[in-house]
Every structure is written in C-alpha cells, then in structure tokens.
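Working notes, structure below.
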Amino acid sequence: MGTIWTEQDQALALFYDGGQAPVISDQRAGEAATKLIEQALAMGIPIYENPQLLEQLSELQTGQQIPSELYQLIAEILAFAFFIQGKAPHNYQPEGAASH
C-alpha cells in the first residue's frame with residue numbers, strides 16, 4: 001500500500017505492509033515528482049496533500065520508518081486510503097457515517 005504526499009514540486013510515497021511501521025518508499029522533486037504522482041494515479045493509489053506532513057517526512061531517507069510521534073496521523077490516513085480502495089474491515093463505518 002502506498003500513499004503519496006504532494007506539495008507543488010515534491011512527492012513522497014509511503015509503503016505499509018500491515019506488519020512493521022510504514023516506511024518512506026520513494027521521494028522525488030521537480031518533474032520526477034510529477035511522474036510519481038501520475039504513476040500513483042494510474043495505479044489507483046490515493047493522493048494526500050499535506051504540506052506540513054510532507055516537510056516532516058521529507059527529512060527522512062528512503063527506506064526509513066516513520067517516527068513514532070506520527071503513527072496516529074499516518075494510521076488515520078492509511079485507514080482512509082484502505083477504506084476508499086474498498087479494503088475496510090467487514091462492518092467498518094467511518095466516523096460520522098450513518099448506519100443502515
């Protein structure tokens with residue numbers, strides 16, 4: 001599962017396999033960032049824009065796990081990404097959703 005964070009000419013991808021903490025799987029700038037975003041869109045990978053988070057994560061190296069202080073935020077983003085891809089647990093209802 002990869003999720004892309006973007007801001008202008010920067011893009012960062014995360015990989016999470018359900019086991020270890022998510023890791024930075026790719027970082028690009030300029031035209032390469034645009035290509036990474038295009039590839040993600042073509043593959044159906046959700047895009048999430050957050051300049052402050054991108055700034056924090058861009059200090060990490062490719063292959064490095066995200067810091068524990070960002071676990072909650074990243075978990076919420078990944079949960080939403082799984083949900084919109086139809087990979088939510090059975091009977092899952094996002095907060096604020098009406099039940100039938």
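The numbers here are math on the coordinates, done by the rules we state, and not lab data. Keep in mind that what you see is a predicted model, and the values were worked out from it rather than measured. Every residue, glycine among them, receives a Cβ derived from its backbone with ideal geometry; neighbour counts consider all protein chains shown.
Some notes on this structure:
- Mean separation of Cα contacts under 8 Å, 6 or more apart, over the residue count of the range 2-84: relative contact order %: 33
- Local charge for Glu38 was computed over the other residues whose Cβ lies under 12 Å away, with Lys and Arg +1 and Asp and Glu -1, and equals +1.
- Loop-resident chymotrypsin sites (Phe, Trp or Tyr not before Pro) (DSSP state other than H, G, I, E or B) in the range 3-92 with no more than 12 further Cβ atoms inside 10 Å of their Cβ: Tyr92.
- Couplings 3J(HN,Hα) of the range 35-41, computed from phi: 5, 4, 5, 4, 4, 4, 4 Hz, in residue order, whole Hz [Karplus 6.51 cos²θ - 1.76 cosθ + 1.60, θ = phi - 60°; x for Gly and Pro].
- Prolate/oblate/rounded label for the range 2-84 (Cα gyration tensor, a/c 1.5): oblate
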